[in-house]
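Peer 1: Handing you a structure now.
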Amino acid sequence: MNPIIKNILAVIIGWLGGSAINMGLIQTGHMLIPIEGIDTNDMNALAAIMPTLEFEYFIFPFLAHAIGTLSGATIAGLIAVNHKMKFSLGIGGLFLLGGIMVNYLLPAPTWFVLLDIAVAYIPMAWIGGKMAEKIAGKSA
């Protein structure tokens, strides 16, 4: 397969795979720790209640952001023909932009926003890139 096509697919599949894991964890969180009386698909209702929620309601969103980014970055790094770390960090950048947007639309407590932005995206993408490089190095 053409290396350029394979690198493009690395970004697309990494982004889709990480997003699927992210959404799966968000939905799992809503099932395990439901917000009583709120339709979690109603962004306005979520935005209104977010600042009042306790710590436990932010566990799954953080895990979703971190593990979604980690898995997407790892997938992209494994598929990329070259510059594996750059592709992994690119996925981290895409997820970071999404995280900034979500934190803007759903105003969470400041501690969560800072933790989420600082830890869940670029550091997880870097770890995913390292994992991809290590796995690719073993199979080479």
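FYI, it's all coordinate maths here, none of it is from the lab. Since the model is a prediction, treat every value here as computed from it, not as a measurement. Cβ coordinates were reconstructed from backbone atoms using ideal geometry, including for glycine residues, and neighbour counts include every protein chain displayed.
Peer 1: Taking only the alpha carbons of segment 59-140, what extent do you get along each of the three principal axes, in Å, biggest first?
Peer 2: Sorted from largest, the Cα extents of segment 59-140 read 45, 19, 15 Å.
Peer 1: Provide the gained length on full extension for the span Ile13 to Trp111, in nm with one decimal, where the gain is 0.36 nm per separating residue minus the Cα-Cα distance. List each step's numbers first, then the result.
Peer 2: Numbers: separation 98, 0.36 × 98 = 35.28 nm, distance 3.15 nm.
Extra length available between Ile13 and Trp111 comes to 32.1 nm.
Peer 1: Full extension from His30 to Phe55: what is 0.36 nm times the residue separation minus their Cα-Cα distance, to one decimal in nm? If you can, show how the numbers build up before the last one.
Peer 2: Details: separation 25, 0.36 × 25 = 9.00 nm, distance 1.39 nm.
Full extension from His30 to Phe55 adds 7.6 nm.
Peer 1: Ranking request for peptides 71-77, 109-115: highest mean number of other beta-carbon atoms within 10 Å first, then the rest in descending order. Provide the component values of the computation, followed by the final result.
Peer 2: Values: 71-77: 28.0, 109-115: 13.9.
By packing density, highest mean first, the sequence is 71-77, 109-115.
Peer 1: So, one more: Can you find, among Met23, Gly92, Phe58, the residue farthest towards the positive end of the dipole of the chain? Put +1 on the C-beta of Lys and Arg, -1 on that of Asp and Glu.
Peer 2: Final value for the positive-end residue is Gly92.
Peer 1: Give the Debye-formula value of log10 I(q)/I(0) at each listed q (0.17, 0.23, 0.24, 0.31 Å⁻¹), with one equal scatterer per alpha carbon of segment 55-100, two decimals each.
Peer 2: Log-scaled intensity ratios, in q order: -0.49, -0.74, -0.78, -1.03.
Peer 1: Here's another thing I want to ask about it. If you put +1 on each Lys and Arg Cβ and -1 on each Asp and Glu Cβ, how big is the dipole of segment 3-139 around its Cα centre, in Debye rounded to 20? Can you show the working numbers first?
Peer 2: Details: 6 positive and 7 negative charges, 199 e Å.
My answer is approximately 960 debye.
Peer 1: Continuing with the same structure: Net charge within 12 Å of Gly129 by Cβ-Cβ distance, Lys/Arg positive one each and Asp/Glu negative one each, not counting Gly129 itself?
Peer 2: Working: positive: Lys84, Lys86, Lys130, Lys134; negative: Glu133.
The answer is +3.
Peer 1: Can you list the aspartates and glutamates whose alpha carbon is less than 16 Å from that of Lys84, not counting same-chain residues fewer than 8 positions off?
Peer 2: Correct list for Lys84: Glu133.
Peer 1: Oh, and also: Pairwise over distinct Cα atoms, reciprocal of the mean inverse distance: report the Kirkwood radius of segment 3-139 in Å, one decimal place.
Peer 2: Working: mean 1/r = 0.0654 Å⁻¹.
Here the Kirkwood hydrodynamic radius works out to 15.3 Å.
Peer 1: Moving on to the next point. By how many nm would the segment from Asn44 to Val102 lengthen if fully extended, with 0.36 nm per residue of separation less the alpha-carbon distance?
Peer 2: Numbers: separation 58, 0.36 × 58 = 20.88 nm, distance 1.25 nm.
That pair, Asn44 and Val102, stretches by 19.6 nm at full extension.
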